[in-house]
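The values are calculated or read from the model by the stated rules, or taken from the named source; none is laboratory data. Quick caveat: nothing in here was measured; it's all calculated off a predicted structure. Glycine gets a Cβ as well: all are built from the backbone with ideal geometry, and neighbour counts include every protein chain shown.
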């Protein structure tokens, strides 16, 4: 396995980023006349202090695991998929559609159908950007941003159609059939919204780890991410690897949308709660695209979110402090990348 | 046909211009940054900073022009953050942009609650807003002057030639003694200033600041820049087109069979089509997204 | 004033450029090692050497783009501020890079004036610029349409823009880095006329090339570089091309090491009338016809840049030939993908280790797997066979003496020689019937070179075939059974080893067919 020293080296940068962000957060809190230690203890109790807060933390972490994996597998193939947000919304809508409209009495079957269909929707959404990049060289970052908005707008259109819309002011669907609901983990805490989607997310992390490190196909994806020219010489289809990496990521983001609908909200609403897609970017960056790292950092960001909500309630510090911390972490990691992986290598790319 | 004649009216044209103004500012900003070789997907965040700082300064000083200046200053400051991180520390330009957008959503609402005691929005009094000058507020005219000025700068001045050169082929510029990274830094700061002004337009026009009030207009501005083939006049045209689509969908709401969303989606779809090169391919600056350093051995 | 300048260097009077004890290393690679170079005013000074000899680095140092670790530079009796950093344009130096430094989307005029724009109050004064440039064009007889975009120009025109750029800045010393590499014969002729014109108006030209016929035609003096050092500087009338060729590639041409053994007549790989044209319709390969037989090492020699890389690409399927057929054991593989060719039993060592051969950032073990990730022995339908891969890696690390022998080490931490051994080990352990090896020992030390050569010989003696492409003449002579000489995309001649001596090969490499 990996030598300890190397592991420590790899953990150093994320640790520094965290420390840096915490220092800034402390300064901000102190400037606003609050006691940083008090805030920290509220944060801690709000995220881990009770079964209730723990459940909140894990509930927030569930979609972040999936969207974090979405970004991570794209990065492994050298592509930056910042369209998790849109892929999630597509998945969420499809899940609500099938959850409301398809009469399946078997609960397990109904949920599985919704999850898979949502995943496929997300996969197609991301796959479009993948194909445009691999075949035409159109930048995946721009296209995934554009596809995000196309997803928001088209689901907004669809949910307003009489076929889907629940009568009333808000553009939302009816609640999904009970057979399509993902069971909540009430054994943790009675009124929690934490649901079995957590296990799906962790299972997905395991699966992605296996695919990336144990299969020939995952090996090809990683090769393409590191050196597409040598990969081509090494008889790897770069185009196929890129498209598949994007689509798998989109699938996961789509599943995240389904989890939100079937396990938490019970319906699709437009605009759909925002931020898990972009949160996934922070998660993947901090986890350095490692699937298990994604689980850990997603739970960390989940804890920040639920702790932040607590802080918002009981102190004068707004919960958006958490978003600021996330942004600082990303900025710091962005710089760190330079010093390690993206150090310019001596390379002369040949003309095609 | 009757529908069409009734909706195409003076008020629709005025609405088109009003919708286009923030896009013109921000896409012109995008031009300065991207043409120098630095991707700026942080326009959205920079606009949001501009919207908030413009509103908050005007709110406290009761001087709208100070608000506009404040927005330009804070926009430039965020621009210099992007420049410092991506050029000075050579961070990934996309990641930095994502962080700035996130910082924009977080910090503006955070600060709003700090300054306005727990509120996530606030209104400007009549005296805190820019007065109308003819049918528009003065920022509208400034936007057009800025875009046209950027075009003149770009194609008729020494600075413009150099800005485009460092974005296309930094090494060629460097071999002629042009300071590549200094020009890029200035381009990105200018980008932030423009985006900040575009953000300031929003509360100045609507009379209030609200959480996430840019609502993706930074990304539409990016789309306008790309659809306008990375040049200021093209971006101006695209901004007006997108503004028209937006104004039209508002006018048509409830009146026509065409769903509003079909018009909303226009900017994004045409941008993807242009980028893919299906019709009138839009080609990005040659060195966009790439760091430049002089000493790279050629083996 | 126009005169034949051949052999009439303007005396060895005034010194234009003097570089003393220039050294530069990039990481582990020593690019320049104590180089001294003197260039006289008004001469054409050729700088020759193989790829990686350090020519371009030396000239980048002279122009100020690369800062040397040590050494001094004097131009026209003025000591350049090497430590502080400088740019050649400020000292009358112009440089025409191998990859042109032109902004494709700019017009010719914009490219010429960039950095030195005539202006009025910040606005470009294009009229003044046109006047000045047209004046220069007239004086030197160089014609380029000024309002055209560079992307619409031919390569020859682009080069003329570069020359105009240098003249526009009043450069008296012009460095040309492999200026003929991309030109047609007609364009080369035109370029040489321009060079003569420039020298007649007392410009100094430093001309980097590895084409020796050009040196003989245009240069007054020549300096040969090898592995970052100066081999010699000679007047052109005191030297002949064969001698230069030997100086360039190294004197050591040993007696063939291989014992006589039977080469079967059975053909493994054969190319039939294979041609390749670039997208700009330049002929890269022209009517290539040869075969590699079982048990044979078939060598391709030639000065670099004569189509060897393209031949490699076509042979392994990275590029499809424009015409002609490629057969492998009698089966037509012209349209097969790289993956399918590998599956048939073709292995290869690519010419550029770092960009094409290894995946930096991944482990040695993973690099051993590159290109083999779908082989039944190493991978099932989905899952890689971890144990098999680890065992294979450990075995190969030992057999090939790769250091450090750690399967999980990141390949970038290995020396170049050990990286190359990983590639060779990976390819040969597949037990291919044909190995295509391009520049297999480039840049390696003696021990690594020997090991790799032995592996190639062993492979041939075991009944496999080897197509060896190399710019290193001694390597070719030492190892090959038959030798094809490549020149301008063609195989000029195929020689049996016993009839090939260095003199004959040297002449053929320069395009002198008997």
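Summary of values
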item	result
Some residue of the stretch C:99-109 being under 15 Å from residue B:176 (Cα atoms), crowded, with 20+ Cβ neighbours inside 10 Å, out of contact with any strand residue (DSSP E or B) (no Cβ under 9 Å at 6 or more places or on another chain) and at the interface with another protein chain (Cβ under 7 Å from one of its Cβ atoms)	yes
Filter result for residue A:277 (touching a helix residue (DSSP H, G or I) at 6+ places or on another chain (Cβ under 6 Å), under 28 Å from residue A:178 (Cβ atoms) and surrounded by 24 or more Cβ atoms within 10 Å (Cβ to Cβ))	no
Qualifying residue in the stretch C:412-419 (condition: buried (at least 22 other Cβ atoms within 10 Å of the Cβ), under 23 Å from residue A:235 (Cα atoms) and in contact with a strand residue (DSSP E or B) (Cβ under 8 Å, 6 or more places away or on another chain))	no
Residue match in the stretch C:45-52 (condition: part of a loop (DSSP other than H, G, I, E, B), more than 10 Å from chain B (Cβ to nearest Cβ) and buried (at least 24 other Cβ atoms within 10 Å of the Cβ))	yes
Within the stretch A:225-249, considering residues that are within 21 Å of residue A:293 (Cβ to Cβ) and in contact with a helix residue (DSSP H, G or I) (Cβ under 8 Å, 6 or more places away or on another chain), the one nearest to the other protein chains (Cβ to nearest Cβ)	A:225
Helices (runs of 4 or more DSSP H) within the stretch B:106-216 that include 2 or more residues modelled with pLDDT of 95 or more and in contact with a strand residue (DSSP E or B) (Cβ under 9 Å, 6 or more places away or on another chain)	B:138-156, B:158-168, B:180-206
Filter result for residue A:198 (modelled with pLDDT of 95 or more, within 14 Å of chain C (Cβ to nearest Cβ) and closer than 23 Å to residue A:114 by Cα)	no
Hits in the stretch C:345-382 - residues which are more than 7 Å from every other protein chain (Cβ to nearest Cβ), more than 25 Å from the chain's Cα centre (by Cα), under 16 Å from residue C:411 (Cβ atoms) and part of a loop (DSSP other than H, G, I, E, B)	C:372
Any chance residue A:182 is crowded, with 21+ Cβ neighbours inside 10 Å and assigned to a helix (DSSP H, G or I)	no
Count of the stretch B:11-64 residues which are in a loop (DSSP other than H, G, I, E, B) and under 17 Å from the mean Cα position of the chain (by Cα)	7
Single condition residue B:89 does not satisfy, out of (1) within 16 Å of the chain's Cα centre (by Cα); (2) closer than 30 Å to residue B:291 by Cβ	(1)
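Every residue, every condition in (1) part of a helix (DSSP H, G or I); (2) modelled with pLDDT of 95 or more; (3) more than 30 Å from the chain's Cα centre (by Cα), yes or no:
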| position | (1), (2), (3) |
| --- | --- |
| C:104 | no, no, no |
| C:112 | yes, yes, no |
| C:157 | yes, no, no |
| C:161 | yes, yes, no |
| C:179 | no, no, no |
| C:186 | yes, no, no |
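Residue-wise test of (1) under 30 Å from residue A:131 (Cα atoms); (2) in contact with a helix residue (DSSP H, G or I) (Cβ under 6 Å, 6 or more places away or on another chain); (3) crowded, with 24+ Cβ neighbours inside 10 Å.
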| site | (1), (2), (3) |
| --- | --- |
| A:13 | no, yes, no |
| A:16 | no, no, no |
| A:22 | no, no, no |
| A:27 | no, no, no |
| A:40 | no, no, no |
| A:87 | yes, yes, yes |
| A:90 | yes, yes, yes |
| A:96 | yes, yes, yes |
| A:100 | no, no, no |
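Conditions tested, residue by residue: (1) more than 14 Å from chain A (Cβ to nearest Cβ); (2) surrounded by fewer than 17 Cβ atoms within 10 Å (Cβ to Cβ).
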position	(1), (2)
B:204	yes, no
B:215	no, yes
B:226	no, no
B:238	no, no
B:245	no, no
B:259	no, no
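Per-residue answers, yes or no, for (1) modelled with pLDDT of 95 or more; (2) in contact with a strand residue (DSSP E or B) (Cβ under 9 Å, 6 or more places away or on another chain):
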position	(1), (2)
A:12	no, no
A:46	no, no
A:63	yes, no
A:74	yes, no
A:96	yes, yes
A:102	no, no
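Yes/no matrix, rows are residues, columns are (1) in contact with a helix residue (DSSP H, G or I) (Cβ under 6 Å, 6 or more places away or on another chain); (2) buried (at least 20 other Cβ atoms within 10 Å of the Cβ); (3) modelled with pLDDT under 90; (4) part of a loop (DSSP other than H, G, I, E, B):
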site: C:205; (1), (2), (3), (4): yes, yes, no, no
site: C:217; (1), (2), (3), (4): no, no, no, no
site: C:223; (1), (2), (3), (4): no, yes, no, no
site: C:233; (1), (2), (3), (4): no, no, no, no
site: C:244; (1), (2), (3), (4): yes, yes, yes, no
site: C:248; (1), (2), (3), (4): no, yes, yes, no
site: C:253; (1), (2), (3), (4): yes, no, yes, yes
